[in-house]
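Take a look at the structure below.
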Amino acid sequence: MTTNDFKSIYAFQKTLSSHGQTMTTYFDKKGRVQKVEACMDDTAPDHTIPLVSIIDHTLLKADATAEQVEILCEQALKYHFGAVCVNSYWVAYCKAALAGSSVKVGATIGFPLGAMSTKAKVFDTKQSIKDGATEIDMVINIGELKSGNLAAVANDIREVVRVAHKMGAIVKVILETCLLTDEEKVTACLIAKEAGADFVKTSTGFSTGGATVEDVRLMRSVVGPEMGVKASGGIRSLADAQAMIEAGATRIGTSGGIKMAEELAAQQG
């Protein structure tokens with residue numbers, strides 16, 4: 001493609017590199033994503049992320065029992081997972097079960113629909129952190145994003161980030177990518193970054209689809225190396241997780257962490 005051909009199709013491009021991967025995103029004159037290219041640099045140094053340490057061991061079912069939550073924590077300790085991720089009601093329970101360990105407790109906020117008031121999300125965030133959460137996984141207001149009310153989406157995220165950071169917790173913003181167009185995914189990532197969030201996250205795992213390699217690549221290309229990207233939803237095998245990491249994920253949310261850890265141990269002999 002000649003320079004003139006490029007200008008006739010794309011207005012500008014951005015190129016970012018992270019974890020041995022180069023991402024180039026092409027935009028039109030209105031700033032809309034038109035194309036994303038990704039390639040791995042085989043000559044880059046090996047910065048392999050230790051898999052078990054970036055797994056958020058997850059139990060978010062409505063019918064999860066105290067016994068199941070206790071087992072979740074025992075498994076996280078046994079396999080050295082980085083965190084457990086639970087509904088906010090169970091945070092204090094997990095904090096007590098994991099006392100003295102390095103396993104973090106993450107709480108979901110506005111889960112799984114994102115359609116609760118910002119005040120309610122902020123209240124739940126405060127209470128979750130008081131109960132022992134150091135990580136907050138919040139769902140954006142998906143309906144307002146699709147309505148084009150970007151100020152409401154930004155304020156929703158910013159208010160949760162503000163209180164979480166003040167109380168020493170990080171925030172992962174769940175986009176629910178299966179419900180969004182590529183343009184909406186880019187918009188949501190940019191809003192989350194501007195609001196000061198620490199991660200963008202693909203999915204709740206409770207909608208019409210989960211994480212895809214393509215979405216992780218797109219999200220990484222938009223937020224750059226400064227933010228984390230969490231792939232979550234439908235990641236059930238070691239191969240799934242490794243594909244997400246290669247695409248730019250720095251955290252994996254899954255209920256299949258034990259299987260992955262055992263597959264990894266078997267590979268390592």
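The values are calculated or read from the model by the stated rules, or taken from the named source; none is laboratory data. Please read these numbers as outputs of a predicted model, since none were measured by experiment. Please note: Cβ atoms are built from the backbone with ideal geometry, for glycine as well, and neighbour counts cover all protein chains shown.
Remarks
- Residue in segment 112-121 that is in contact with a strand residue (DSSP E or B) (Cβ under 9 Å, 6 or more places away or on another chain), within 25 Å of THR254 (Cα to Cα) and assigned to a helix (DSSP H, G or I) present: yes
- Residue list for segment 93-111, restricted to those being surrounded by 17 or more Cβ atoms within 10 Å (Cβ to Cβ) and part of a helix (DSSP H, G or I): TYR93, CYS94, LYS95, ALA97
- Residues (over 19 Å from GLU74 (Cα atoms), in contact (Cβ under 8 Å) with a residue 40 or more places away in the chain and over 16 Å from the mean Cα position of the chain (by Cα)) located in segment 242-269: LEU264
- LYS201 under 29 Å from GLN127 (Cβ atoms), in the same structural domain as GLU135 (by TED's automatic domain parsing) and without any contact (Cβ under 8 Å) to a residue 24 or more places away in the chain: no
- Those helices (runs of 4 or more DSSP H) lying entirely in segment 140-249 with at least 2 residues under 30 Å from GLN267 (Cα atoms) and not hydroxyl-bearing (Ser, Thr, Tyr): 213-223, 238-247
- The combined condition, being more than 18 Å from THR204 (Cα to Cα), buried (at least 23 other Cβ atoms within 10 Å of the Cβ), touching a strand residue (DSSP E or B) at 6+ places or on another chain (Cβ under 6 Å) and at pLDDT 95 or above, is not fulfilled by SER232.
- Residue count for segment 239-257 under the criterion of being touching a helix residue (DSSP H, G or I) at 6+ places or on another chain (Cβ under 6 Å), surrounded by fewer than 20 Cβ atoms within 10 Å (Cβ to Cβ) and either under 19 Å from ALA83 (Cα atoms) or at pLDDT below 95 (or both): the result is 0.
- Some residue of segment 117-126 being of a type in the set (Ser, Thr, Tyr) and buried (at least 23 other Cβ atoms within 10 Å of the Cβ): yes
- Test result for ALA188, under 30 Å from ASP28 (Cβ atoms), modelled with pLDDT of 95 or more, out of contact with any Lys or Arg (no Cβ under 8 Å at 6 or more places or on another chain) and crowded, with 24+ Cβ neighbours inside 10 Å: yes
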